[in-house]
Amino acid sequence: MRRWVSRSLWDVVPRDQRDTVEVLRRRQWVTVGVVLLGAVMLAISLRIEPGNVWFYPAALAMAAVWAVGALLSGPLHLGRIAAGAHDTTLVRPVVAPVLLGLLLAALFVVGGLVVREIPWLDRQVRSVLDFADQGSVPLLLLITVVNGIAEELFFRGAVYAAVTRHPVIWSTLAYVVATLATGNVMLAFAAILLGAVVGLQRRASGGILAPILTHCTWSTAMLFALPLLFG
C-alpha cells in the first residue's frame, strides 16, 4: 500500500518535457487571463437557480473556457508512472488514479457525516446539492465528467506548466481561488484537498491523465453519494 501511494503521488518519473522561454511566457499570460475569466463564469453559473435550464449551457461553457485555455497555452502531456514496486517500466496511469479517486470520495463521505451535524456547513453543501435534486441526472453526470476533464486540462495542465517553482502549491491555489468565486466554503475546502492530491499526481507522473481520472472518479462518486448522505 505504501509503495502504491508513493508511485501514485510522490515518485517522480524521468521526463524530457521542457518548454522554451516563448512557450512558457505564453502559458503564463494565457493562464492568468483564463483564471480571471473562469472565476467570473463560475460565480455566474453557480448563482443560477436550481432547476433553471440555463444551468446546463452555463456549466458546459465553463468547461469550454478551461479546456480552450489549456489548449491555447501550449503542449499537454498524459504522463507515466512505474508499473509496479519492483518494475521500473513506465506505463500510463489508469487503475491507480481511479482507486485513489474512490479513496478520496470515501474520505469525503466520512467527512460529510461530521459536516451535516454543523448547520452552517450543512446548508453550504445542500445549496450545491439542490442542482442534483432538481436537475436531470444524465445531464448532471455528463457535466460532472466534462468539467472534471476540463478543470484538470487547465489547472494541472496549463497552470501547472506555467509555474516554474512550487507548481503543486500554486496550481492548487489558483484552483481554490477560482472555486471561491462560487461563494461556497465547502466547495473551496474540497478544492484544497482535491487540488493537492491531483497536483501531487501531476508532479509524480508528469502529465494530466492521472489527475483527470482521479478527479472524474471522485466527482462522479460525490454526485451520487452526497444526495444519499444529505437527503
Could you identify the single residue in Arg156, Arg126 that is of a type in the set (Lys, Arg) and more than 14 Å from the chain's Cα centre (by Cα)?
Arg126
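Matching residues to (1) assigned to a helix (DSSP H, G or I); (2) touching a Phe, Trp or Tyr at 6+ places or on another chain (Cβ under 7 Å); (3) free of Cβ contacts under 8 Å to residues at least 12 places away in the same chain; (4) closer than 11 Å to Ala105 by Cβ:
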site	(1), (2), (3), (4)
Tyr175	yes, yes, no, no
Ala204	yes, yes, no, no
Leu223	yes, no, no, yes
Leu228	yes, no, yes, no
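Matching residues to (1) closer than 22 Å to Val198 by Cβ; (2) within 16 Å of the chain's Cα centre (by Cα); (3) among the aromatic types (Phe, Trp, Tyr):
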position: Val35; (1), (2), (3): yes, yes, no
position: Val40; (1), (2), (3): no, no, no
position: Ala43; (1), (2), (3): no, no, no
position: Val65; (1), (2), (3): yes, yes, no
position: Gly74; (1), (2), (3): yes, no, no
position: Thr88; (1), (2), (3): no, no, no
Filter result for Leu129 (more than 17 Å from Pro211 (Cα to Cα) and in contact with a Pro (Cβ under 7 Å, 6 or more places away or on another chain))
yes
Would you mind finding the one in Thr164, Thr182 that is in a loop (DSSP other than H, G, I, E, B), open to solvent by 10 Å² or more (accessible area, probe 1.4 Å), of a type in the set (Ser, Thr, Tyr) and over 23 Å from Glu22 (Cα atoms)?
Thr182
For segment 57-79, state whether one or more residues are modelled with pLDDT of 85 or more and of a type in the set (Phe, Trp, Tyr).
yes
If we keep just the residues of segment 185-197 that are under 19 Å from Ala162 (Cβ atoms) and in contact (Cβ under 8 Å) with a residue 24 or more places away in the chain, which is least open to solvent (accessible area, probe 1.4 Å)?
Gly195
Is it the case that segment 118-129 has a residue that's open to solvent by less than 30 Å² (accessible area, probe 1.4 Å) and at pLDDT 90 or above?
no
Kindly indicate the residue of segment 44-63 that is of a type in the set (Gly, Ala, Ser) and surrounded by fewer than 15 Cβ atoms within 10 Å (Cβ to Cβ) and also nearest to Ala162 (Cα to Cα) among those meeting that condition.
Ala61
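The values are calculated or read from the model by the stated rules, or taken from the named source; none is laboratory data. All figures in this text were calculated on a predicted structure; none of them were measured in a lab. With ideal geometry, Cβ positions are generated from the backbone for all residues, glycine too; neighbour counts draw on all protein chains shown. Just the protein is used for accessible areas: all its heavy atoms, side chains included, with ligands, DNA and RNA removed. Shrake-Rupley method; radii C 1.70, N 1.55, O 1.52, S 1.80 Å.
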